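Derivation of every value follows stated rules applied to the coordinates shown; laboratory data play no part. Fair warning: this is a prediction, and the values are worked out from it, not measured in the lab. Here Cβ is always computed from backbone atoms with ideal geometry, including for glycine, and neighbour counts include all displayed protein chains.
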Amino acid sequence: MDPLLDEIERFLALTKIAPTRFSLDAVGDAHFVRHLRTGRQYYPRTAAKARAYMRDYAQRARADSDPRPSAEVPTDQAQAA
């Protein structure tokens, strides 16, 4: 199996994101994953986009689940200052 496709398949299984949604969000081509599954070749920059999307998604997920309080000032307090 292609290393990129293997990474994407694991990512999709873990996140439960639909292949079409991933394809659109990551590289702007709704059929990207489907075409990879049929052996389509890709440019290195396209692989970099897909990997960056997966990396950024993981970072956002960790940030969203971080139990530490946010350093941001709530809107009502910011307006009072």
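Could you give me the ³J(HN,Hα) list for the stretch 9-15, computed from phi with Karplus coefficients 6.51, -1.76, 1.60 and θ = phi - 60°, whole Hz, x at Gly and Pro?
Whole-Hz 3J(HN,Hα) from phi for the stretch 9-15: 4, 5, 4, 5, 5, 6, 8.
How large is ³J(HN,Hα), in whole Hz, for each residue of the stretch 47-57 in order, when computed from phi with the Karplus curve 6.51 cos²θ - 1.76 cosθ + 1.60 and θ = phi - 60°, using x for Gly and Pro?
Working through the residues one at a time gives 4, 5, 4, 5, 5, 5, 4, 5, 5, 5, 4 Hz.
How high is the FRET efficiency from Ala18 to Gln41, r the C-beta distance, R0 30 Å, rounded to 0.05? It would help to have the intermediate numbers written out before the result.
Working: r = 23 Å, r/R0 = 0.77.
After rounding, the FRET efficiency stands at 0.80.
Going by average Cβ density within 10 Å per residue, which order do the peptides 10-16, 22-28, 45-51 take, highest to lowest? Write out the running numbers ahead of the final one.
Details: 10-16: 12.4, 22-28: 17.4, 45-51: 15.9.
Output ranking for 10-16, 22-28, 45-51: 22-28, 45-51, 10-16.
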